[in-house]
Amino acid sequence: MSVLRRSVFGFLIALGCAGAPAVQSAELLVGNKSGDTVWRLSLRDGRRIGEYRTGEAPHEIAVAPDGRLAVVTNYGGSKSGNTLSVLDLVSGKPTRTIDLGQHSAPHGVRFLADGRRVLVTTEATASLVVVDVASGEVERSIDVGGGTGHMLALSPDGQVAYMTKIQAGTISRVDLATGARIEKPAGKGAEGVAVRPDGAEVWVTNREDGTLTVHDPRTLAVKRRMSSKGFPIRVAFSADGALAFVANARAATLAVFNARTKVPVATVPLSREDMAYQPTMLGNAALPIGIVVAADRPRAYVAISGGDRVAVIDTQRWQVIDYWVTGREPDALGIID
């Protein structure tokens, strides 16, 4: 059993993680955009076992490689945000805030290979920023140009970043050692991005095109273009790289592809006729967004943004087996294992 699972949380933290008991099993982190919170749910039964306050409109979550910290981007609302929230997943200390200064509308976030720094897209200032999590210092800023740099993925060695631009419909490759960048077309509304675990391919969801594009990781040339109708908005891989999971936001489905052959494996409906949905950017709708896939169990989890739920998918039977309650407007997900 890991150090994290043995850790004990025996008290309430008024400004931080409320009601965090001893961690007995793996957990799901859920970012609630309209609740300005991150919830901790038990992966055993979906029970809420903790809550953190964040800044306004938390959009994405990155869990540190050692599982001791998570970093959340606070995108902001009518006024762009410029902070990150640092969540202590072990001691139960209050949420810590990192001020990004002039760098605003932070969105995509990934821990770098050293486990102490994060890479963040800042939409309003068209930058990638490198932030030391311990000191809270912005170490470096890389100009990435216009087009709304949004989501991030990293190469397996952590030396290269891949970034989608929604308005430009492109994918960018940034060498983090030199800052050298190339940018190539993907498709209209390019948003979700993931690198296959072996590093051989970069997948992009193009929401307005209803397509997936598969790119060469060095040149960004399109190797394959597949259909995924219904506003594909996120993509994630299974830990072994055999399967790719795509959230189709308008269709309210999870599309699953064989990552080698590119052949569709399953389509899982995510909405329910008996569930009331909140207003979203697509109307009153389920609006599935964030996806995480468990490495140690046959489960995938999808944030149902308009339903204030997380759909739990059995990846052997390809069906939803439960809906777990979340805060208002869940989006980003992370796993602590």
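Computed quantities for the displayed model
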item	result
Gain on full stretching of the segment that runs from ALA200 to LYS93 - 0.36 nm per residue minus C-alpha separation	34.6 nm
Largest-first ordering by accessible area, 1.4 Å probe, given options ARG250, ARG272	ARG250, ARG272
Whether region 59-159 is rounded, prolate or oblate, judged on the alpha carbon gyration tensor where a/c under 1.5 counts as rounded	oblate
The chain: relative contact order as a whole-number percent, Cα under 8 Å and 6+ apart	12
FRET efficiency for GLN102 and ARG224, using Cβ-Cβ distance with R0 set to 56 Å, rounded to 0.05	0.90
Within the accessible area of region 227-279 (1.4 Å probe), percent carbon and sulfur	53
Net lengthening on full extension, ALA242/ARG47 (0.36 nm per residue, minus Cα-Cα)	67.2 nm
Listed residues LEU29, HIS150, PHE245: farthest to the positive end of the dipole of the chain (Cβ charges)	PHE245
Accessible area per residue in Å² at 1.4 Å probe, computed on the chain	39
Pairs beyond 32 Å (Cα-Cα), from LYS93/LYS229; LYS93/LYS188; LYS33/LYS165; LYS33/LYS188; LYS79/LYS262; LYS184/LYS262	LYS93/LYS229; LYS93/LYS188; LYS79/LYS262
For GLU60, net neighbour charge (Lys/Arg +1, Asp/Glu -1) across residues whose Cβ lies under 11 Å away	+2
Region 46-91, accessible surface, carbon-and-sulfur percent (1.4 angstrom probe)	44
Average Cα contact separation per residue, region 178-254, under 8 Å, 6 or more apart, as relative contact order %	24
By average C-beta atoms within 10 angstrom, highest first, the peptides 95-104, 314-323	95-104, 314-323
Extended-chain gain in nm, criterion 0.36 nm per residue less alpha-carbon gap, ARG328 and ALA177	50.5 nm
Span from the region 173-194 Cα centroid across to the region 115-162 one, whole angstrom	12
Sites ALA113 and ASP274 - FRET efficiency at Förster radius 51 Å, r taken between beta-carbons, to 0.05	0.65
For the chain, alpha-carbon Rg over 2.2 N^0.38 Å	0.92
Alpha-carbon Rg/Rh ratio, for region 99-148, with Rh computed the Kirkwood way	0.95
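The values are calculated or read from the model by the stated rules, or taken from the named source; none is laboratory data. Please read all numbers here as calculations on a predicted model, not as lab measurements. With ideal geometry, Cβ positions are generated from the backbone for all residues, glycine too; neighbour counts draw on all protein chains shown. With ligands, DNA and RNA removed, areas are computed over all heavy atoms of the protein, side chains included. Shrake-Rupley method; radii C 1.70, N 1.55, O 1.52, S 1.80 Å.
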